[in-house]
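Here is the structure we will look at, set down as structure tokens.
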Amino acid sequence: MAENCTHDCSSCGENCSSRTAESLKKPLHEMSSVKKVIAVVSGKGGVGKSMTSALLAIASQNKGYITALMDADITGPSIPRMLGIRKRAMGSDNAILPVVSESGIQVMSMNVLLEKEDDPVVWRGSLISGTVLQFWTDVIWNEVDYMFVDMPPGTGVPLTVFQSLPVDGIIIVTTPQDLVGMIVQKAVNMAEMMNIPILGIVENMSYFTCPDCGRKISVFGESCVDAIALEHGIPVVAKVPIDCKLTQCADCGKLEEWEDNYLAEFFDKIDKNLNKK
Ligand code: ADP
């Protein structure tokens with residue numbers, strides 16, 4: 001064991017034999033239980049990562065799973081708004097209770113902790129990562145089957161989450177005009193470093209269906225996501241169209257009322273693949 005080892009691998013910089021991937025994992029609150037954790041990542045903001053996280057959580061909840069949604073996008077939280085959550089989280093000295101959405105999804109987000117949802121969070125990276133960890137360790141997650149983590153773009157918070165939470169898989173969100181190849185390659189490299197599988201790719205804003213003739217128009221150019229998924233051995237791909245009604249539902253907090261969930265089938269496949277193991 002190294003001379004300066006503090007016996008807490010999550011904060012200690014020493015490299016000794018007791019430092020393993022498992023020793024960096026943070027424990028859940030003693031009253032919490034979470035079976036599977038899925039992280040949703042993107043290369044940049046505005047591509048629909050929160051929309052994807054929310055639609056996946058809704059698909060999971062509708063399938064009968066007890067579902068949680070952790071909004072790890074601390075400086076740009078949008079999950080409560082999409083699910084119409086106006087309540088604030090309640091807490092005691094040693095725990096915080098998640099806010100529960102209309103359909104029963106357990107949600108934790110910076111926005112349910114702020115006094116006013118438009119208060120800005122002007123924090124340095126370490127404080128942001130620390131808050132995300134507290135969303136895991138200090139929140140009482142009640143018998144959760146699936147937790148979806150809406151990650152911010154960048155690598156800081158994702159690195160903390162991958163090291164500290166038992167993430168079962170990653171879902172990548174891209175759009176056709178993104179540099180898809182590079183973004184997927186980066187995510188694949190990070191996933192390999194962390195030894196976490198990539199479960200699927202969602203190409204959001206993939207096309208637009210003409211309301212008059214029903215033709216699918218590739219607004220941002222032809223998709224190459226299938227070829228990229230094949231190249232990297234990523235098993236499941238979903239294509240979500242640009243849909244103005246979807247934006248309206250999200251903007252007025254009624255996403256759970258949206259009947260035509262574009263990611264229901266995608267979630268079914270992910271669920272099947274995860275439960276095969
Ligand atoms: P990110 O989390 O990647 O920053 P969001 O999920 O917040 O992106 O989406 C950005 C904006 O685009 C939001 O206003 C959202 O309602 C809208 N949006 C996302 N996906 C779609 C879609 N497929 N069709 C129409 N609007 C969408």
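The values are calculated or read from the model by the stated rules, or taken from the named source; none is laboratory data. In this text the structure is predicted, and so the values were computed from the model without any measurement. We place every Cβ from the backbone using ideal geometry, glycine too, and count neighbours over all the protein chains shown. Protein only, heavy atoms only, side chains kept; ligands, DNA and RNA dropped before computing areas. Shrake-Rupley method; radii C 1.70, N 1.55, O 1.52, S 1.80 Å.
Odds and ends about this structure:
- Förster radius 25 Å - calculated FRET efficiency between Lys35 and Cys5, Cβ distance, rounded to 0.05: 0.15
- Springs join every pair of Cα atoms under 10 Å in this Gaussian network model of the chain, and among Asn94, Asn142, Asn204 the largest mean-square fluctuation is at Asn94.
- Ordering of 212-220, 27-35 by packing [mean C-beta count within 10 Å, highest first]: 27-35, 212-220
- Out-of-range pairs (alpha-carbon distance over 29 Å; input Lys25/Lys239; Lys216/Lys276; Lys116/Lys245; Lys26/Lys272): Lys25/Lys239; Lys216/Lys276
- Relative to the Cα centre, the charge distribution of segment 27-274, modelled as +1 at Lys and Arg Cβ and -1 at Asp and Glu Cβ, gives a dipole magnitude of about 200 debye.
- The accessible surface of segment 132-277, taken with every protein chain in place and a 1.4 Å probe, is 53 percent carbon and sulfur.
- Sorted largest first, the principal axis extents computed over the alpha-carbon atoms of the chain equal 71, 43, 38 Å.
- Two-site FRET efficiency, Trp123 against Leu159, from Cβ-Cβ distance with R₀ of 22 Å, rounded to 0.05: 0.85
- Per-q log10 I(q)/I(0), segment 176-251, q = 0.11, 0.15, 0.19, 0.25 Å⁻¹ (Debye; single scatterer per alpha-carbon; no solvent): -0.35, -0.60, -0.85, -1.14
- Positive-end ranking of Leu114, Ile96, Ser78 along the dipole of the chain, with charges on Cβ about the Cα centre, is headed by Ser78.
- Stretching the chain fully between Lys63 and Asp268 yields a gain of 72.9 nm (0.36 nm per residue, less the alpha carbon separation).
- Under-5 Å amide H pairs with Val202, H placed in peptide plane, nonlocal only: Ile172, Val173, Thr174, Ala238
- The alpha-carbon of Lys44 sits under 16 angstrom from the alpha-carbons of these lysines, leaving out residues fewer than 8 places away in its chain: Lys186.
- Gain in span if fully extended, Glu231 to Cys252, counting 0.36 nm per residue against the direct Cα distance: 3.7 nm
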